Structures are given as structure tokens and as C-alpha cells.
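The values are calculated or read from the model by the stated rules, or taken from the named source; none is laboratory data. Nothing here was measured: the structure is a model prediction, and the numbers come from that model. Here the Cβ is made from the backbone with ideal geometry for all residues, glycine too, and neighbour counts use every protein chain on show. Calculation scope for accessible area: heavy atoms of the full protein, side chains included, ligands and nucleic acids excluded. Shrake-Rupley method; radii C 1.70, N 1.55, O 1.52, S 1.80 Å.
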Amino acid sequence: MMKKVSKNNTSDEKSVVPADFQIINENEDIFKQMFKYSVIPTIIHDMEMRIINVNDSAVDQFGYSYDEFLKKSIFELHIPEELEHSNEVLNEMKQKEKLSVETSFKRKDGSVFVAEATPCKFIIGNKPVIHVFIKDITIRKKVEQDVETYIKEIKNKNKELEQFTYITSHDLQEPLNSIIGWSSLLREEEFENLGAIGTQSIDIIEKSAKRMKNFITSLLEYSKLGREKEKSEVQVSELLHNLTLDLSDLIQKQKVTLTFLGKDMKFDAYESSLIQLFQNIIVNAVKYKKEDVLPVIEIKAEELPDNYQFSISDNGIGIAEEHYDKIFEIFQRLHTRDKIGGTGIGLSHCKKIVSMHGGTIWVDSEVGKGSTFYFTLSK
């Protein structure tokens, strides 16, 4: 049988307070408790820089007791090198409501940490005081310095590599030019004495030297990518118009149908590199066309939330899926030189250019049915 509880009994009952809760009197300022237990080390000092209050986090951060803090000035917490800066901050605070500055503090044990200090001005009991909120950023500064050092090292290595590539390529081209020149002269001057084998040997030497020269030229061009200092505004329709003029001989000779079906857009890009990107893919589409089939190339463009996406489709011989990644590697070829010429560096150029623009490049293809190259350029 359920027992009834009278209203008089329930009104006399007292609410139970959990034992692990601290009791704050109704007339006590709750913001004092928020200050005391805040995880952000906070120091309050007067305009003479004498410390008049600190919270528990400041005690933990600096290693001084509360009473020890109250015997110090804010200057005593700084390393000697920061004292002049501290005076500058104090003078600046007279003109501004709050600041955010980087400085270095010294703990009781002598250890130093870098901090982001935010001093703010308040009036307490008609007395001006400054609350300094302190955030330890030692780890962040160390990471930033490591990254900066790493970037400098990479830049120096790249510069050394560029110089090495240029010097090596220049030195290699001189003997190659001599081989090509002397081979040509030997063919002209001694043609009657060479015979079939001699003439064939000269042809092989000359073709090999020219192929090597093409490799060196391509390598030089690859190393130069990314040297454009500034981006400029590029309009897609204008870029493709200029590209069509540059490739007019190839387009007319191969009877290429080149159409642009996408959106005409304007955006900032490394213009000369971008032209090379389009040119490499279009030239490849013509180079890898099917026999007795006129090349048809379609270019599309669209603006996405985070980037601009382009696609260049052709009706060529296509690429097997297992070679999708290989074709973007430097000096990688899928066909022998006697079938299709080239150095195998064109698409690696494209990959590097797209990477310069913060994008990605990929291909979708089917053998015998053509290929579509996609790439994005970040906004």
C-alpha cells in the first residue's frame, strides 16, 4: 500500500548539498571565484607595477606562492632583456584599453617561457589597475622557429639544386652541340666515303645526341617551374584564345577540333605556367591520337566552392588504368620512341604546375576511347 506524504512534511525538508561542492555565500562575488580558479594565469598590478593579486594558475605557472607574489613587481618576473619592452608596453597601455604582446617571463626556478600577454585596464575601488592575462606559447614559438628554419633550408637546397641543374645542363649541352655539329659536317664533307654503315652510324649518333639535348632542355624547363613571383589575373577565354594562336600550326596541320564548353572565369594564377599546363595536355592529346581519326578536344571549366576545376577530353588512344599514376612521374613513358616521340616529362610538368596552384590532377581514360584529364586550382 502506497504511503501518503503530507504537504507539511515536504515543506519542512531541506535540500541536500553534495559534500564535494564549495559553498559560495550569496553576497560573495562569484567573479572572484572565476578569477581564482581560471585556467589562464592572471596577474593584477597597479600603475607602479606592484603586484596586488594573482590567481592559482599564475602560482602554478611561476612557482611563487601567493604571498611571495605580493612582494614583487611585474618587472621582477621578466628576463632582463625584456625590461625595456615592459616599459614600452606600460606607456602604450596609457593610450590603449588593452594590448596583446609577446614577451618572456622567468619562473622562480630560473626557467624561462615565452608568453602572449594581454594587459587590460580596469578601475577597482577608484584605483586604476591592470589585469595581465598570460598564455604560455613556448611550444608554439618553438614549432614556428623549427618550421621557419626548415623552410630556409628547403629554399637553400632548392637554390643549390637549381644552380646545379643549370650548370650541369649547360656543361652537358656544349659537348652535345659539338657532337651534333661535327656529325652533320662529317655527313656533308665525307658523304661519298662513309658508305651505308658510316651514314647509318652518323644518323644514330646525331639522333641520340639530339634526344639527349631534348632531355636536358626539358629538365631545365622543369627546374624553372615555380620561379614566377607574382600571380596575375587570368581570364580563361583570353588564355585559351592565346593558346590557340600559339598552337595554330599544330591545329591546322593535324586538323584538330578544339572547343571550349565551360564557364568563362577570372582568377589569379601564374599565367605562363598555366599556359604551359594547358599546352602540354593539348599537345599530348594530338600526339596520342588514333590513326586515321581527326583529333577532337573539349575543354570545360567550372567554379566550385573551394577551387576551379578544368577538364580536357580527347578521342585518342586512351590509357590503361594501371598506368594512371605512372604517367605523371618524370621521364616515364608508355610507348617506345620509335612509335611516339617525346621525353616523358610533359605530364610531370603539369603535375608540378597544378601543385604550385594548390590543386590536384588526375586522369580518367579507357583504352581506345580517349582520355579526360582533370585538374583543380585552389581559390
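Look through 40, 51 and report the one residue that is surrounded by 15 or more Cβ atoms within 10 Å (Cβ to Cβ), closer than 26 Å to residue 113 by Cβ, modelled with pLDDT of 80 or more and of a type in the set (A, V, I, L, M).
Unique residue meeting the criteria: 51.
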> Could you say which residue among 152, 142, 108, 94 is of a type in the set (Lys, Arg), out of contact with any strand residue (DSSP E or B) (no Cβ under 6 Å at 6 or more places or on another chain) and touching a residue at least 40 places away in the same chain (Cβ under 8 Å)?
Replying inline: 108
>> When you scan segment 170-184, do you find a residue that is open to solvent by less than 40 Å² (accessible area, probe 1.4 Å), touching a residue at least 24 places away in the same chain (Cβ under 8 Å) and within 25 Å of residue 329 (Cβ to Cβ), even just one?
In response: yes
>> Testing residue 264 on (1) farther than 30 Å from residue 317 by Cβ; (2) touching a residue at least 40 places away in the same chain (Cβ under 8 Å), one condition comes back false. Which one is that?
In response: (2)
>> So residue 245 passes all but one of these: (1) over 29 Å from residue 232 (Cα atoms); (2) among the hydrophobic types (A, V, I, L, M, F, W, C); (3) free of Cβ contacts under 8 Å to residues at least 24 places away in the same chain. Which condition number does it fail?
In response: (1)
> Among the residues of segment 214-249, how many are modelled with pLDDT under 80 and in a helix (DSSP H, G or I)?
Replying inline: 11
>> Tell me yes or no: at least one residue of segment 315-329 is modelled with pLDDT under 90, within 22 Å of residue 258 (Cβ to Cβ) and either charged (D, E, K, R) or in a helix (DSSP H, G or I) (or both).
In response: yes
> Which ones in segment 346-379 are outside any helix (DSSP H, G or I), open to solvent by less than 60 Å² (accessible area, probe 1.4 Å), among the aliphatic types (A, V, I, L, M) and more than 15 Å from residue 269 (Cα to Cα)?
Replying inline: 361, 363
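Could you list, in sequence order, the residues of segment 79-91 that are in contact with a strand residue (DSSP E or B) (Cβ under 7 Å, 6 or more places away or on another chain) and within 17 Å of residue 46 (Cβ to Cβ)?
Narrowing segment 79-91 to residues in contact with a strand residue (DSSP E or B) (Cβ under 7 Å, 6 or more places away or on another chain): 79, 82, 85-86, 89.
Matches in segment 79-91: 86, 89.
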>> Given the condition in a loop (DSSP other than H, G, I, E, B), modelled with pLDDT under 90 and farther than 29 Å from residue 220 by Cα, answer yes or no: does some residue in segment 282-300 qualify?
In response: yes
> What helices (runs of 4 or more DSSP H) lie completely within segment 56-156 and have 3 or more residues being exposed (fewer than 13 other Cβ atoms within 10 Å of the Cβ) and out of contact with any Asp or Glu (no Cβ under 8 Å at 6 or more places or on another chain)?
Replying inline: 83-93
> So which pairs qualify, if the first residue must be in segment 277-293 and open to solvent by 10 Å² or more (accessible area, probe 1.4 Å), the second must be assigned to a helix (DSSP H, G or I) and of a type in the set (Gly, Ala, Ser), the Cβ gap must be under 8 Å, and the two must be at least 6 apart or on different chains?
Replying inline: 280/346; 283/346; 284/346
>> Six or more apart or on different chains, Cβ atoms under 8 Å: show the pairs whose first residue is in segment 220-234 and farther than 18 Å from residue 351 by Cα and whose second is exposed (fewer than 13 other Cβ atoms within 10 Å of the Cβ) and at pLDDT 75 or above.
In response: 233/266; 234/266
> Just checking, which of 252, 309, 279 is in a helix (DSSP H, G or I), of a type in the set (S, T, N, Q) and under 18 Å from residue 357 (Cβ atoms)?
Replying inline: 279
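Which residues, taken from segment 152-197, are small (Gly, Ala, Ser) and either at pLDDT 85 or above or touching a Gly at 6+ places or on another chain (Cβ under 8 Å) (or both)? First the steps, then the outcome.
Step one: list which residues in segment 152-197 are small (Gly, Ala, Ser), which gives 169, 178, 181, 183-184, 195-196.
Once the filter is applied, which keeps residues that are small (Gly, Ala, Ser) and either at pLDDT 85 or above or touching a Gly at 6+ places or on another chain (Cβ under 8 Å) (or both), segment 152-197 yields 178, 181, 183, 184.
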